[in-house]
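Everything on this sheet refers to the single structure shown next.
The values are calculated or read from the model by the stated rules, or taken from the named source; none is laboratory data. All of these numbers come straight from a predicted model, not from anything done at the bench. So basically every Cβ, Gly included, is an ideal-geometry build from the backbone, and we count neighbours across all protein chains shown. Accessible surface areas use protein heavy atoms only, side chains included; no ligands, DNA or RNA. Shrake-Rupley method; radii C 1.70, N 1.55, O 1.52, S 1.80 Å.
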Amino acid sequence: MTWFHSLDPRPHAAMRLFCFPHAGGAAAAYRDWHRAVPPSVEVRAVQYPGRADRASEAPLHDAHALADLIAEAMRPLLDRPAVLFGHSLGSVIAYETALRVSPAHLVVSGRRAANLPRPGTVHLGTEEELTAELRRLGGTEPELLDDPDVRAYILPIVRADYRLAETYRSRPAEPLDCPITAIIGDSDPEVDTTNAAGWAELTRAGFKLHVLPGGHFYLAPRRTEVIDLILDAVSPGNAY
């Protein structure tokens, strides 16, 4: 099994950036990120079970168990500073992984703080209701959602990921020793500045919140800005 995809391996990079996909997403969501980072950064995109080249595996429904497996697979790659970035569901998985591997920095996107539950019943909905949820949030081309074969492939993945997200509850834990940077879209229906600011409670090393124009998938058209914020956050001498 392959937990981490890298389209441009950089064995001499000074830092590794691990990217965690959103619900229903796969490592391919970050396929172009290596083009926007300097040679000193290697991008590794996390591939959850149950999709793409891991489609034969059953998806996991428990964030804690998933983070245990990711952290174990990540340990051989922690021979240099690691930065974890997650979007939406990926923020929760990245946070849980950070509790286990002590990265240099955690960057969370499009998600309220992990200690603020996000209950819901989307994962119990019909196929039509799941499809409507994907249309509401954007991030999936409408014509893909109109294709029955595409829906047959992605909806089971979406259902499993929503089950994980909606049943996730953080466990008591010491604050992280690394800084946290949060990034959200100013018109995201899933998160606002108040509940995103809650991430500050989960670290003893400093916190910053950035708001960019856009909705839940604001980062798709603003990839360069997001990457610049990540690189700025981890640059030497940046005060948190």
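Of Ala104, Ala73, Ala82, all but one fail to be in contact (Cβ under 8 Å) with a residue 40 or more places away in the chain and open to solvent by less than 10 Å² (accessible area, probe 1.4 Å); the exception is Ala82. Within the range 82-139, which residues are more than 16 Å from the chain's Cα centre (by Cα) and under 19 Å from Leu229 (Cα atoms)? Correct list: Ala104 only. Look at Arg169 and say whether it is closer than 18 Å to Leu84 by Cβ and among the basic types (Lys, Arg). In short, no. The residue pairs whose first member lies in the range 9-25 and is of a type in the set (D, E, K, R), whose second member is open to solvent by 40 Å² or more (accessible area, probe 1.4 Å) and not in a loop (DSSP other than H, G, I, E, B), and whose beta carbons are closer than 9 Å, counting only pairs six or more residues apart or on different chains, are Arg16/Arg44.
Looking at Ala173, Ala205, Ala160, just one residue is within 19 Å of the chain's Cα centre (by Cα) and either loosely packed, with under 14 Cβ neighbours inside 10 Å or on the phi < 0 side of the Ramachandran plot (or both), and that residue is Ala160. Is one or more of the residues making up the range 68-78 at pLDDT 95 or above, basic (Lys, Arg) and in contact with a Lys or Arg (Cβ under 7 Å, 6 or more places away or on another chain)? Among the residues of the range 68-78, not one is at pLDDT 95 or above, basic (Lys, Arg) and in contact with a Lys or Arg (Cβ under 7 Å, 6 or more places away or on another chain), which makes the answer no.
Restricting the search to the range 107-129, which residues are surrounded by fewer than 19 Cβ atoms within 10 Å (Cβ to Cβ) and of a type in the set (S, T, N, Q)? Of everything in the range 107-129, those that are surrounded by fewer than 19 Cβ atoms within 10 Å (Cβ to Cβ) and of a type in the set (S, T, N, Q) turn out to be Asn115, Thr121, Thr126. Can you work out which of the residues in the range 56-65 that are open to solvent by 10 Å² or more (accessible area, probe 1.4 Å) and touching a residue at least 12 places away in the same chain (Cβ under 8 Å) is farthest from the chain's Cα centre (by Cα)? That would be Glu57.
Screening the range 25-51 for residues that are in contact with a Pro (Cβ under 8 Å, 6 or more places away or on another chain) and in a helix (DSSP H, G or I) and picking the one that is most open to solvent (accessible area, probe 1.4 Å) gives Ala29.
Answer yes if at least one residue in the range 140-154 is without any contact (Cβ under 8 Å) to a residue 60 or more places away in the chain and in contact with a Ser or Thr (Cβ under 6 Å, 6 or more places away or on another chain), and no otherwise. Within the range 140-154 (the criterion being without any contact (Cβ under 8 Å) to a residue 60 or more places away in the chain and in contact with a Ser or Thr (Cβ under 6 Å, 6 or more places away or on another chain)), the answer is yes, since at least one residue qualifies.
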